[in-house]
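The values are calculated or read from the model by the stated rules, or taken from the named source; none is laboratory data. The shown structure was predicted, so the numbers you read here are calculated from the model rather than taken from an experiment. Positions of Cβ are generated from backbone atoms using ideal geometry, with glycine treated the same way; all protein chains shown enter the neighbour counts. The protein model used for the area step is the full one, side chains on, heavy atoms only, and it has no ligands, DNA or RNA in it. Shrake-Rupley method; radii C 1.70, N 1.55, O 1.52, S 1.80 Å.
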Amino acid sequence: MKNFSVKSGFGLGSIIFAVAAVITLPLRTIQFFTVLEGGTGFFTSYDWSVYLLYGLIAVSVITFAVLGISKRKRLDFNRDIVKRPVSGIISLLTAAAVFSDGLIKAGAVMDDGSSLIEYGYMGEVSFNTEKLLFGAEALFAVISAIFFLSLGLVYITGKTNGSEHRLICLSPIIWCIIRMAYRFTRTISYQRVSDLTFELLMLAFLIMFFMAFAQVNSQISDKNCEWKLAGYGLPAALLALICFVPRFIVTVIGKDFLLYEYSPAEFCDLGAAIFICSVVFTRLTDRAEKNELPV
């Protein structure tokens, strides 16, 4: 196994990710106490922290994409059949985090006493969109949790490399699409509510990451797709941490009234972030040159 190096795999991008996280997470946490209105999530003013946060996110996302594209023909994905206890534990934790989202949404569906299908006075049919989306999110969260659980067991036992999960690996993509669809149902300003903006961007990058992971892990149309794991994954992980860590801190200290009412700290975001980091930091390697291959 190759030692970690800034010149190998996605080493430089990983360092940039760490620096960006160290700066943006405290910065976002401070904003809850200074420029964000509790309950609505609206900006009360645009100070230096707002411009700095958006600037750092934009620069980081662009950098990850540029680095990824520049190394698109040099990156490889380690598919060796070996025991990966750390990746296994992370996958199991991700499974638990995603499953918790399924439980929360299933509980919301059961607590909603209204009918899924309603009929108007003129016989027109309407659907309870929120209940329908929550039910679908709960279903695919559970299926996604099963996928991560299977990966975790595979990595711990070391019997396969996980490439056999070709169908179920699509479940995280559908889960993220449903989560995004629910957020588009909110009739609110996407510019003024930064939490919603970050969530939509996070989910967009998560969809692209899980699509790339499905291709690379299953070896289906995966030629030169390895860069997408980092190019899409690290922006998704950074945004997921921004969505979770500051909200979690605010909740733990008893100031959850400062949060946007529809955007609590969700452990599934943390689970997705640590899973992405484990893939990018441990599975992306330099592609072996032909003259390096054993005869």
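Do we have M202 as part of a helix (DSSP H, G or I) and either at positive phi or open to solvent by 10 Å² or more (accessible area, probe 1.4 Å) (or both) here? Give the derivation first.
On the way: part of a helix (DSSP H, G or I): yes; either at positive phi or open to solvent by 10 Å² or more (accessible area, probe 1.4 Å) (or both): no.
No: the conditions fail for M202.
Regarding L103, is this residue open to solvent by 90 Å² or more (accessible area, probe 1.4 Å), under 23 Å from the mean Cα position of the chain (by Cα), of a type outside the set (G, A, S) and under 15 Å from A273 (Cβ atoms)? Here the answer is no, as L103 does not meet what is asked. Scanning the range 22-60 for residues that are over 18 Å from D195 (Cβ atoms) and either at pLDDT 95 or above or buried (at least 18 other Cβ atoms within 10 Å of the Cβ) (or both) gives V22, I23, G55, V59, S60.
On the stretch given as the range 27-43, residues that are under 12 Å from F257 (Cβ atoms) and free of Cβ contacts under 8 Å to residues at least 24 places away in the same chain total 1.
Is it fair to say S150 is open to solvent by 30 Å² or more (accessible area, probe 1.4 Å), farther than 21 Å from G41 by Cβ and not in a helix (DSSP H, G or I)?
Details: open to solvent by 30 Å² or more (accessible area, probe 1.4 Å): yes; farther than 21 Å from G41 by Cβ: yes; not in a helix (DSSP H, G or I): no.
Considered against the rule, which asks whether it is open to solvent by 30 Å² or more (accessible area, probe 1.4 Å), farther than 21 Å from G41 by Cβ and not in a helix (DSSP H, G or I), S150 comes out as no.
Return a yes/no flag: does the range 170-192 have any residue that is over 27 Å from V66 (Cα atoms) and in contact with a Lys or Arg (Cβ under 6 Å, 6 or more places away or on another chain). No, there is no match, as no residue in the range 170-192 is over 27 Å from V66 (Cα atoms) and in contact with a Lys or Arg (Cβ under 6 Å, 6 or more places away or on another chain). Scanning the range 159-174 for residues that are out of contact with any Gly (no Cβ under 9 Å at 6 or more places or on another chain) and either modelled with pLDDT under 90 or open to solvent by less than 40 Å² (accessible area, probe 1.4 Å) (or both) turns up K159, T160, N161, G162, S163, E164, H165, R166, L167, S171, P172, I173. Taking each residue of the range 244-258 that is in contact (Cβ under 8 Å) with a residue 60 or more places away in the chain and under 11 Å from F33 (Cβ atoms) and looking for partners that are open to solvent by 70 Å² or more (accessible area, probe 1.4 Å) and not in a helix (DSSP H, G or I) with beta-carbon atoms closer than 9 Å, six or more apart or interchain, yields I249/K255; L258/E37.
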